[in-house]
Amino acid sequence: STFYSSFTQSTMSDGGDFDGGSGGGFGGDFGGSGDFGGGEGQYTETEYTSWGDRLKGSCAGICIGLILFFGSFPLIFWNEERAVQRYDALQEGESQTISVSGMGLDTSNEGKLLHFTADIINAGDKVVDPIFGIETDGLKLRRKADMYQWKENVKTQTKTTTGGKKKTTRTYSYSKEWASYLISSNGFKRSGYENPSSMRFESLSMVADSIMIGAYQLPQKLVSRINWEQPMTVGVDDITDANLASEAATDNNGGYYFSYSEYSSSSRPEVGDQRVSFSETPSSTITVVGVQDGNTLSAFVSETGEGGDILLFKQGNYTATEMYEAAEAENAAATWILRFVGFACMALGLYLIFRPIEVFADVIPCVGSIVGCGITFMAVLIAAILSAITISIAWLVAHPKIGGIVLAVTLTVIACCGFGIKKLVKSKHSGGDDNGPYGPTKVQTGHKVASGYDEENGDVNIVQGAVVADEIPTVQGTVADEIPTVQGTEVDMTADEKRLHEQIANQ
């Protein structure tokens with residue numbers, strides 16, 4: 001491929017801004033506009049890929065396509081197997097679940113699967129931010145730090161030209177945005193958009209040392225499930241560090257604002273400015289399902305060891321049935337997501353396998369696009385059929401009765417779709433054969449059906465298997481009096497009429 005990059009000629013204006021100019025650069029496209037040394041602008045580069053290189057790349061993509069295609073089958077099969085095992089484990093767990101109060105420990109419940117609703121509280125010290133000194137009695141304290149930075153945005157456009165060459169145009173634009181992570185400007189296409197090398201304040205999440213659910217200690221596995229945080233309103237006086245408090249300003253969002261230079265403010269931010277806000281997770285009521293393990297809870301495992309662990313946790317007051325229904329809904333959602341992933345891998349694999357045909361046809365751009373659409377349609381159709389069959393077989397292995405029903409329904413749907421498509425194609429090929437400009441005009445003779453006639457010669461013509469007589473005035477479904485016939489019997493007629501009748505019979 002041949003690469004061309006844009007070159008921008010700029011002229012300074014009083015405010016430091018410049019207008020992008022244009023000029024030649026190695027036969028390529030170019031152009032740009034922006035702020036010199038720190039304003040917002042854009043940069044364009046164009047890359048051309050020859051038809052031969054594209055064909056080589058598409059042929060190399062066949063290997064990736066084969067991996068995706070054949071790899072999608074075990075993925076889909078495993079997903080169905082996982083879904084069935086999870087369903088069975090949830091059914092087994094629900095049948096063994098015992099509902100208790102949760103406010104006291106009962107040694108007789110040791111090792112049993114319990115369900116209870118209780119308050120979740122911070123049973124230890126307050127959670128304190130180590131830099132700002134902000135504290136809370138809640139379960140969690142989170143500091144969110146954002147910095148005003150340059151961000152590079154890329155817009156890509158591709159176009160196929162005559163001869164199969166592909167033109168790729170990338171437009172890089174630069175804008176200032178608030179981001180909670182450090183954006184490195186070292187890889188920017190243009191210089192003059194420099195970000196600080198580090199963030200003075202970074203985001204941080206802090207958790208209480210001891211969290212209790214009724215009489216039980218919160219398992220560490222459930223800490224990440226505590227997600228009902230609420231924003232906190234803090235003031236400069238809440239900062240325990242005097243030097244830090246002197247630098248901070250109050251932000252409009254209830255947090256703090258730190259200027260990178262003396263000329264910036266929350267109303268006119270500059271690159272490097274930071275804002276810091278806080279949120280807390282207060283105590284609440286939760287429902288949990290888990291196995292009593294001393295003074296805490298552990299996950300339930302099915303007898304087969306398959307189907308994953310069962311340790312359910314949800315904010316609010318729910319019955320055991322509602323908790324398991326929610327878990328089954330999560331399992332169904334995960335199953336459908338993985339089904340789509342497997343289907344997408346299969347369809348993409350098929351497309352990559354046949355993509356060289358599209359690239360070969362791209363010598364004429366419009367033809368390549370049509371072929372590409374056809375390949376995409378066939379890849380999606382075949383992937384849908386094979387995915388459905390694979391899912392059915394997986395269920396047939398796991399649950400023969402259910403799997404048999406699913407497989408029968410799948411094959412029936414596929415057969416009906418195939419029959420409908422075949423009938424539609426057949427009707428398109430045969431439709432309109434016996435129709436004239438005024439609808440079907442058939443003539444029933446003693447031997448054949450005549451449809452229309454030829455005025456230029458006296459021979460009998462065949463059109464689509466029908467006999468066409470010469471100069472025979474017809475009426476829909478009848479024979480004119482010029483050919484008096486009786487089924488299978490000749491009557492008195494002139495020589496010309498007899499000759500014409502014999503021709504019709506021969507045809």
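The values are calculated or read from the model by the stated rules, or taken from the named source; none is laboratory data. Source: prediction; values computed, not measured. For neighbour counting, all protein chains shown are included, and Cβ atoms are generated from backbone atoms with ideal geometry for every residue, glycine included. Side chains are part of the model used for accessible areas, which takes the heavy atoms of the whole protein and leaves out ligands, DNA and RNA. Shrake-Rupley method; radii C 1.70, N 1.55, O 1.52, S 1.80 Å.
General remarks:
- For segment 97-252, relative contact order (Cα pairs under 8 Å, six or more residues apart, normalised by length) works out to 28 percent.
- Here the 3J(HN,Hα) profile of segment 160-176, calculated from phi with Karplus coefficients 6.51, -1.76 and 1.60 at θ = phi - 60°, is 9, 9, 4, x, x, 6, 10, 10, 10, 10, 10, 10, 9, 10, 10, 9, 9 Hz, Gly and Pro shown as x.
- Among the trypsin sites (Lys or Arg not before Pro) found in segment 106-183, those both in a DSSP coil and sparsely packed, with 15 or fewer other Cβ atoms within 10 Å of their Cβ, are K112, K126.
- Amide H within-cut-off set for Q507, under 5 Å, with H built and near neighbours excluded: none
- Remark on S175: its backbone amide H falls under 5 Å from those of K151, N153, a criterion applied only to residues 5 or more positions apart or on other chains, H modelled at 1.01 Å from N.
- Applying both filters, DSSP loop and at most 10 other Cβ atoms within 10 Å, to the GluC sites (Glu not before Pro) of segment 265-303 gives E303.
- Partners for K498 among lysines (Cα-Cα distance below 25 Å; same-chain residues under 8 apart left out): K442, K448
- Between M232 and F278, S279, E280, the built amide H atoms are under 5 Å apart, and every one of these is 5 or more places off in sequence or on another chain.
- For L396, neighbours were defined as the other residues whose beta-carbon sits under 14 Å from its Cβ, and their charges (Lys and Arg +1, Asp and Glu -1) total -1.
- Restricting the GluC sites (Glu not before Pro) of segment 62-148 to loop positions (DSSP other than H, G, I, E, B) with no more than 13 neighbouring Cβ atoms within 10 Å leaves E110.
- Environment charge of L75, counting only residues whose C-beta is closer than 15 Å and scoring Lys/Arg +1, Asp/Glu -1: 0
- Out-of-range pairs (alpha-carbon distance over 26 Å; input K401/K423; K155/K176; K56/K151; K140/K221; K401/K426): K401/K423; K56/K151; K401/K426
- Charge sum, other residues only, whose C-beta stays under 12 Å from G93's C-beta, Lys/Arg counted +1 and Asp/Glu -1: -4
- A 1.4 Å probe run over the protein chains yields, for segment 306-398, 50 Å² of accessible area per residue, whole-number rounding.
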